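Step one of this worksheet: look at the structure below.
The values are calculated or read from the model by the stated rules, or taken from the named source; none is laboratory data. Computed from a predicted model, the values in this text were never measured in an experiment. Neighbour counts run over all protein chains shown; Cβ positions are idealised from the backbone, glycine included.
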Amino acid sequence: MNQKTRRLTAVAMLCALAFVASFCKIPIVLWLKYEPKDVIIAMGGFLMGPVTGVIISGVAALLELPFSETGAVGMAMNFIASAAFVVPAALLYKKRRSLRFAAIGLVSGALIATGVMLLWNYFLTPLYMGYPREAVAELLIPFFLPFNLLKTGLNTALTLLLYKPAVTALRRAKLMPTDVSAQAPTKTERLGAYLLAALLLLTCILAALALRGIL
């Protein structure tokens, strides 16, 4: 299997995994649900660059369309949300392939995606939910903002925890070459990444329980 075929196979596998992950929905607040597909897409962006991240985002959103209750508008929202998170993260990681820049990129992507989705929620949610725009505007801060922060926070934490094992598995399957450009993380960087991931996971779990009225 040549390098191009391996790359295409890896991209196809990540698209399929992202599609499957889109069915793992966890209700958070209102009709908003968390799904872990952006973790898979972020890994693809880290492995093969931001353009590949956009491609996987688009393919996954398109594959979801026949099963979506929100139609083409929901597909567009899914694509925008994934791309807004993955592209900044992959761009920063591409600049310097280190654990530190992976963490910085993911946090940057989380903040950018949260801001982008607030804007698109305002414009597109009325189209597929049938809500007046004024009603949607009243939901932005108390519901959409914490939900998107929670969603991107979980994606950041899970990507930090799962990226290394995923890369190792792909290399053992001979779907990805050894990345000689990546910098081996120091013990301090690994500890910092794991602590950040643990803090984000704990914060997001508490936030999800609060949004659901359990806490």
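The single residue among Phe19, Phe79 that is over 17 Å from Thr125 (Cβ atoms) and among the aromatic types (Phe, Trp, Tyr) turns out to be Phe19. Would you check if there is a residue in the stretch 109-118 being modelled with pLDDT of 90 or more and in contact with a strand residue (DSSP E or B) (Cβ under 7 Å, 6 or more places away or on another chain)? The answer is no; no qualifying residue exists. May I ask you to verify whether Leu139 is touching a residue at least 60 places away in the same chain (Cβ under 8 Å) and under 24 Å from Thr70 (Cα atoms)? Yes: the conditions hold for Leu139. When the stretch 190-215 is filtered for residues that are within 20 Å of the chain's Cα centre (by Cα) and on the phi > 0 side of the Ramachandran plot, nothing remains. Considering the conditions (1) under 18 Å from Ala157 (Cβ atoms); (2) touching a Leu at 6+ places or on another chain (Cβ under 7 Å), Phe19 is excluded by exactly one of them, (1). Just one residue in the set Gly153, Gly105 is over 19 Å from Leu32 (Cβ atoms), touching a Leu at 6+ places or on another chain (Cβ under 6 Å) and modelled with pLDDT of 80 or more; that residue is Gly105.
So, Gly153, is that one without any contact (Cβ under 8 Å) to a residue 12 or more places away in the chain, within 30 Å of Leu195 (Cβ to Cβ), in a helix (DSSP H, G or I) and under 17 Å from the mean Cα position of the chain (by Cα) or not? No; evaluated as a whole, the condition is false for this residue. Could you grab me the full set of residues in the stretch 89-102 that are hydroxyl-bearing (Ser, Thr, Tyr) and at pLDDT 85 or above? Tyr93 - this is the single residue of the stretch 89-102 that is hydroxyl-bearing (Ser, Thr, Tyr) and at pLDDT 85 or above. Considering only residues in the stretch 156-190 that are among the hydrophobic types (A, V, I, L, M, F, W, C) and in a loop (DSSP other than H, G, I, E, B), the one that is modelled with the lowest pLDDT turns out to be Val180.
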